[in-house]
Amino acid sequence: MSKLFHPLLTLIATATDRLLAHHLEYLKEENRILRARIPKRIHTTPEERGRLLKLGKRLGKDIDALIGIVTPATFHRWVREEERGRKRVKGNRPRRDLRELVRHIAAETDFGYTRILGELRKLGIRRICRQTVKNILKEQGTDPRPKCGKGTWDEFLKIHAKTLWACDFFSKRAITKRGFVDLYAMVFIHLDTREIFVTTSTASPNSKWVAKQARNFLAHVADRDDRPGYLLRDRDRKFTRQFDDIMNSSGVKPKLLPFRSPNLNARCERVIQTIKQECLDFFLVFGSRHLDYLISEFVDYYNTTRSHSRRDHLPPLRQDLPDEHNTFEISEIVCRERLGGLIKSFERAAA
């Protein structure tokens with residue numbers, strides 16, 4: 001009887017081993033397909049290495065045919081380092097504050113790991129190498145290579161803010177001898193200080209008028225230390241080639257926005273909304289001269305008196321914060337009115 005069961009058990013055991021081999025072969029092929037979809041090198045964290053070591057050491061030499069995330073030589077090096085007590089522990093890793101500094105520099109600058117190391121050296125930090133900086137960035141999912149390319153739109157605005165202006169058209173319906181007429185004007189805004197310049201209005205915004213407003217704007221900013229370098233504009237057909245030629249001849253590069261993208265010129269769109277909501281919407285406008293007067297009064301108020309949250313609540317043309325006063329008398333505060341009391345602002349009475 002025993003002679004009958006021995007071959008049967010051998011057959012069952014052999015079949016089981018064969019099935020396990022098929023399972024293993026399938027998993028290895030699936031792993032190769034998945035690895036082909038991801039970067040060539042995979043950097044494991046210390047915790048991940050610990051789990052691989054715990055499971056892989058049980059397999060002995062069979063790990064060489066199975067492992068795919070790293071080479072067998074790398075795995076055996078991990079084993080030797082663990083046996084010699086050189087496994088990475090918290091005491092051998094960079095201090096937490098140093099790791100945070102590396103991440104902070106990377107987030108602020110988009111530098112690669114070599115330039116980050118240079119910044120650390122300038123700060124007198126020497127007990128860290130380039131590979132360690134690279135590993136810190138990879139562990140948090142940051143590409144350690146320097147950032148290349150043109151960058152984002154927000155980065156462009158931030159870098160060029162001091163010399164960057166934006167412009168756009170807006171209109172207001174007026175009552176004239178000919179009936180209702182749409183009058184057009186142009187607004188220019190400095191993206192750093194939020195100063196605005198608004199042109200006179202016209203019922204015919206043709207090429208000649210647009211060119212004249214371009215020259216008026218350039219004359220307005222001619223004596224500035226930070227002269228305009230770029231001018232954002234949309235693709236409105238009222239912007240003619242002559243307009244761009246005048247800007248280019250003065251060293252101002254028009255930067256055309258993509259089609260149907262008003263959000264990229266949001267600051268200009270917002271100041272037009274402010275002009276209308278805080279001023280023009282309260283008036284029936286009788287002709288171009290009336291509209292020009294309303295706009296000039298509001299622009300003067302906006303640039304010299306109206307506070308702006310972007311500038312720590314200073315007006316666009318004011319550079320210094322006023323002296324702080326911890327005490328005051330109500331009688332010292334006076335209200336200044338413009339446009340028949342529509343616009344009010346408060347200031348201290350002159351001594």
>> If I take R0 = 35 Å and measure r between the Cβ atoms of Asp312 and Ser249 in this structure, what FRET efficiency does the formula 1/(1 + (r/R0)^6) give, to the nearest 0.05?
In response: 0.45
>> Order these by the 10 Å Cβ neighbour count, fewest first: Val102, Val299.
In response: Val299, Val102
>> Spelling out what I want: for every residue of the range 218-231, take phi, set θ = phi - 60°, compute 6.51 cos²θ - 1.76 cosθ + 1.60 (Karplus), and round to whole Hz; glycine and proline get x.
In response: 5, 5, 5, 10, 5, 9, 8, 5, 9, 6, x, x, 10, 10
> Once amide H atoms are placed 1.01 Å from N in the peptide plane, what residues at a sequence separation of 5 or more from Gly112, or on another chain, have their amide H within under 5 Å of its amide H?
Replying inline: Lys147
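Indicate, rounded to the nearest 5 percent, the antiparallel portion of the DSSP beta bridges found entirely in the chain.
Values: 23 of 31 bridges.
So the antiparallel bridges in the chain amount to around 75 percent.
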> Suppose every K and R has +1 on its Cβ and every D and E has -1 on its Cβ; what is the size of the dipole of the range 94-139 about the Cα centre, in Debye to the nearest 20?
Replying inline: 280 debye
> Using modelled amide H (1.01 Å from N, peptide plane; none on Pro or chain starts), what sits under 5 Å from the amide H of Asp168, excluding residues fewer than 5 places away?
Replying inline: Val187
> Taking the Cβ-Cβ separation of Ala222 and Gln131 as r and a Förster radius of 41 Å, what is the calculated FRET efficiency to the nearest 0.05?
Replying inline: 0.15
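Ala214: net charge of surrounding residues, Cβ under 12 Å, Lys/Arg +1, Asp/Glu -1, itself excluded?
Working: positive: Lys208, Lys212, Arg215, Arg233, Lys238, Arg241; negative: Asp244, Asp245.
Here the charged neighbours net out to +4.
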> Using +1 on the beta carbon of Lys and Arg, -1 on that of Asp and Glu, and nothing else charged, what's the dipole of the chain about the Cα centre, debye to 20?
Replying inline: 2120 debye
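Magnitude of the Cβ-charge dipole of the range 134-291, K/R +1 and D/E -1, about the Cα centre, nearest 20 debye? Intermediate values should be presented prior to the final figure.
Working: 29 positive and 18 negative charges, 94 e Å.
In debye, rounded to 20, the range 134-291 gives about 460.
With a 10 Å Cβ neighbour count serving as the proxy for reagent exposure, in which order, fewest first, do Leu53, Leu284 appear? Numbers along the way, then the final one.
Numbers: Leu53 15, Leu284 8.
Ordered from fewest to most neighbouring Cβ atoms within 10 Å, Leu53, Leu284 come out as Leu284, Leu53.
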> Amide H to amide H, which residues 5 or more places from Leu314 or on other chains are under 5 Å from it, using H placed in the peptide plane?
Replying inline: His308
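Would you mind putting 218-224, 208-214 in packing order, based on average other-beta-carbon counts within 10 Å, highest first? Intermediate values should be presented prior to the final figure.
Numbers: 218-224: 12.0, 208-214: 18.6.
Ranked by mean Cβ neighbours within 10 Å, highest first: 208-214, 218-224.
Determine, from the Cβ-Cβ distance of Lys57 and Ala266 and an R0 of 51 Å, the FRET efficiency 1/(1 + (r/R0)^6), rounded to the nearest 0.05.
On the way: r = 59 Å, r/R0 = 1.16.
With a Förster radius of 51 Å, E is 0.30.
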> Going by how many other beta carbons lie within 10 Å of each one, how would you line up Lys177, Lys28, fewest first?
Replying inline: Lys177, Lys28
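Exceeding 30 Å between C-alpha atoms, which entries from my cross-link table qualify? They are Lys54/Lys122; Lys138/Lys253; Lys122/Lys255; Lys57/Lys134. All intermediate terms of the calculation are to be shown ahead of the outcome.
Working: Lys54/Lys122 41 Å; Lys138/Lys253 39 Å; Lys122/Lys255 38 Å; Lys57/Lys134 28 Å.
The pairs that break the limit, which is 30 Å between Cα atoms, are Lys54/Lys122; Lys138/Lys253; Lys122/Lys255.
Values quoted throughout were computed directly from the atomic coordinates according to the rules given, and no laboratory measurement underlies them. As the structure is a computational prediction, the values presented were derived from the model and not from experiment. Glycine gets a Cβ as well: all are built from the backbone with ideal geometry, and neighbour counts include every protein chain shown.
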